[in-house]
C-alpha cells in the first residue's frame, strides 16, 4: 500500500489495515513486519488501537517552537526592515 509519511488515514482505512495486520499475525507474521509491508509503523498501529480513539492523535497536537518570536519582536523586525533609514 505504501503511504506517504504524515498522511491522515481515515478511520475506515485504519480498521481495514488493523484487520490485515491481525490476519497476518494469526498466520504467524510479526506485527512490526506486517505493518512495514503495509507502509506504516507498529507505533501507528498501537495509536490506532487505543480505546476511544475517534480521531487521529496527531491532530490535537499544537507544536509551538521554543524560540518563536513574540508579537512585539515580529512587529519590531517588520518596522526595521521596512524603514527607509537602512545603512546598507
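Of all residue pairs spaced 6 or more apart or on separate chains, those with beta-carbon atoms under 9 Å, a first member in region 77-88 that is in a helix (DSSP H, G or I) and a second member that is at pLDDT 75 or above are 77/69.
For region 38-50, filtered to residues that are surrounded by fewer than 17 Cβ atoms within 10 Å (Cβ to Cβ) and closer than 13 Å to residue 15 by Cα, the residue that is modelled with the highest pLDDT is 46. The condition of being modelled with pLDDT of 90 or more and exposed (fewer than 10 other Cβ atoms within 10 Å of the Cβ) holds for only one of 27, 66, 61, 84, that being 27.
The values are calculated or read from the model by the stated rules, or taken from the named source; none is laboratory data. For clarity, every value in this text was computed on a predicted model and none was experimentally measured. Glycine gets a Cβ as well: all are built from the backbone with ideal geometry, and neighbour counts include every protein chain shown.
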